Structure formats: structure tokens, C-alpha cells
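Following: one structure in C-alpha cells, then a few remarks.
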Amino acid sequence: MKTLIIYTSQTGFTKRYAEWIAEKTGGDLLELKDAQKKSDDYFKDFDAICYGGWLMAANVVKVKWFFEKANNWKNKRLALFCVGGSPNDNPDIDTFLQNALTKEQHKYIKIFYCQGGFNYEKMKTPSRLAMKMFVSTLRNKKDATEKEKVMAEKMASSYDISDVKYIEPIVAYLLEKDNEKAV
């Protein structure tokens, strides 16, 4: 099975996961900016295509390109993984995963989440400022919930909670031998 992993990364967490997935699947690795330059013929020989992007404001960054291409790749095994600063066991992640794809997209794309972290030193200025403002808003919220207080403290500085174990379901899905599609 020939596999392609396409990714976009701002601070390195998504790139790290994409590299781990490529290594475990024996797949090719391609940054989104390079994938966007490829002709449609380039993708025809791949049996599985996986796109990885980071989460910002409950959206996967630059996923629109993948969704547009995926309409023509329904005969392939398609996966989408996203990386964010929340732990994998955060209940909001399950809600996000259910709502990130349309009902139709859930039929042919399998979606996954990998916890990553924050790296303020590598963030672009607009993103860094937006995150700092968000943290400040949470900290100053008079009726903040305990969950919001914990989140504000966690997001106040850089941290890394990524782990290679979170790629296991992605790799298993990409390497499945049968032709069963995403559910």
C-alpha cells in the first residue's frame, strides 16, 4: 500500500506527528505548500492519503485544500489528523471530531486528534498575540469555571504533551488491508 502524508505545521507539533506517521507507514511525506503545486496525476498512485493540520479556534488550519481534493479521492483510504494543545481525553475533542466533517465526509474520511502543545517561541506574531489575549480573557473572567482556570494556566506558557503513541490508531487505519471505508 502506497501512502502519502501531507501536513502543515506552524510550531512543529504537526510536523513531528506527520514524520512519525510517515516513518511507521513507510509513506511519503509532503508539506502542504509543496502538495498544492503537484498535478492531480501525482496523487493517483497513492492508496492512502493522510492530511495533518493544527487546530486554531476549533478549525483545522488549511484543511479546505484537502477537502476539495478528497472529493476526487473517495476510492482511496483517507485520513485527517489534527494537532492541538488539549489533552486527548478532553471531552470537547470528541465533540470537535464529530462536527469537523460533514455527514458525507465521515463516509470516506477518518478523523483523528493528537495532543501536541504550545510553543510560543515559534508562533507567528498574530497567533501568539491572539493566544495571549485569549489566556488573559480567561484569567480575568469573573465567573470562570475550574476547567477554564486550569486551561488558562496551562496555556500561559509553552508546553509539549505530544507522544508517538497517539499515531497508533492513524497508522492502523492507514495500513488496514481490507477495503473498508471510514465510518
Rolling a 1.4 Å sphere over the protein heavy atoms, what is the accessible area per residue of segment 87-179, to the nearest Å²?
64
Across all directions of projection, what mean area in square nanometres is found for the Cα convex hull of the chain?
10.6
Suppose a student asked you for the relative contact order of segment 1-137, using Cα pairs under 8 Å spaced at least 6 residues apart; what percent would you report?
25
Show me the ranking of peptides 3-14, 62-73, 135-146 by mean Cβ neighbours inside 10 Å, starting with the highest.
3-14, 62-73, 135-146
Would you grab the residues whose amide H sits under 5 Å from the one on Gly85? Only those 5+ places off in sequence or on another chain, please, with H modelled 1.01 Å from N.
Gly116, Gly117
In Hz, Karplus ³J(HN,Hα) per residue of segment 35-50 (6.51, -1.76, 1.60; θ = phi - 60°; x = Gly, Pro):
4, 5, 8, 7, 6, 4, 4, 4, 7, 5, 7, 8, 7, 9, 10, 10
For Arg77, which sequence-distant residues (separation of 5 or more, or a different chain) have an amide H within less than 5 Å of its own amide H, given hydrogens modelled in the peptide plane?
Ala48, Ile49
Based on the Cβ-Cβ distance from Asp160 to Asp41, what FRET efficiency comes out when R0 is 35 Å, to the nearest 0.05?
0.35
For segment 102-117, in order, what is each residue's ³J(HN,Hα) by Karplus, 6.51 cos²θ - 1.76 cosθ + 1.60 with θ = phi - 60°, in whole Hz (x at glycine and Pro)?
6, 4, 5, 5, 4, 6, 10, 10, 9, 10, 9, 10, 10, 5, x, x
Could you derive backbone 3J(HN,Hα) for segment 27-33 from the dihedral phi with the Karplus parameters 6.51, -1.76 and 1.60 (θ = phi - 60°), listing whole Hz in sequence and x where the residue is Gly or Pro?
x, 7, 10, 8, 5, 3, 4
Radius of gyration, Dmax [segment 1-67; alpha carbons; angstrom]:
11.7, 35
Residue among Lys38, Lys24, Lys147 with the largest mean-square fluctuation in a Gaussian network model of the chain, springs linking Cα atoms under 10 Å
Lys147
Here are some pairs, Lys33/Lys69; Lys110/Lys154; Lys76/Lys103; Lys64/Lys147; Lys69/Lys103; Lys103/Lys124; which of them have Cα atoms lying more than 26 Å apart in this structure?
Lys110/Lys154; Lys64/Lys147; Lys103/Lys124
Run the accessible area of the chain with a 1.4 Å probe and give the carbon-and-sulfur part as a rounded percent.
50
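The values are calculated or read from the model by the stated rules, or taken from the named source; none is laboratory data. Keep in mind it's a predicted model, so treat the numbers as computed, not measured. Quick reminder, even Gly has a Cβ in these numbers, built from the backbone with ideal geometry, and neighbours come from all protein chains shown. Note: areas computed on protein heavy atoms with side chains; ligands, DNA, RNA excluded. Shrake-Rupley method; radii C 1.70, N 1.55, O 1.52, S 1.80 Å.
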